[in-house]
Amino acid sequence: LTPEERRDPRLLVYYDFEEAGSGTVLDQSTTGAHGTLKNGARIIVCSTPADVAGDRIRPISFSLEQNYPNPFNPVTELVFSVEKTRVISLDVYGLDGRRLETLISNESYLPGRYTVRFNGAAMPSGIYIAILQSGEERVVRKMMLVK
């Protein structure tokens with residue numbers, strides 16, 4: 001999106017990655033479950049929940065996307081979003097519940113979308129759990145390392 005598009009009051013940012021795919025632009029000729037768009041309105045489909053705020057797209061929820069690639073060997077990326085300033089932790093656990101690696105330890109993050117790389121080269125093939133936590137809120141994703 002250009003800065004001008006982001007300031008357009010007719011622009012809606014819509015989260016439905018499964019339905020249309022990230023980056024899809026739906027214009028006034030589009031019809032669907034949400035009706036026909038009129039007066040030049042457009043919907044931008046994003047891969048994370050977001051809203052338009054000034055010059056940028058700002059997340060509207062605390063979320064952790066599925067790692068990519070998955071399965072991975074040996075490096076994968078974890079993408080997370082924070083909607084407000086938060087202190088967060090991001091850890092990787094084994095299926096036995098032991099914390100194996102801390103990627104982020106009680107650090108403050110401003111609203112935005114962030115990417116962290118995880119390298120499982122020192123770990124055996126298997127299923128691992130990534131947990132993003134802020135206060136009492138937790139988001140969990142299962143990851144598969146295949147060597």
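Brief remarks follow.
- On the basis of the beta-carbon distance and an R0 of 41 Å, Asn73 and Ser108 show a calculated FRET efficiency of 0.80.
- With only the Cα atoms considered, segment 62-118 has a convex hull volume of 83 Å³ per residue.
- Less than 5 angstrom separates the built amide H of Gly120 from those of Val75, Thr76, all sequence-distant by 5 or more or on a different chain.
- Sequence-distant residues sharing a close amide H with Glu101 (under 5 Å, placed H): Val92
- Contact order normalised by residue count of segment 61-147, Cα under 8 Å, 6+ apart, percent: 35 percent
Rule-based calculations on the coordinates, nothing more; no lab input. Just so we're clear, the structure is a prediction, and the values are computed from it rather than from any experiment. Neighbour counts are summed over all protein chains in view; Cβ atoms, including those assigned to glycine, are modelled from backbone coordinates with ideal geometry.
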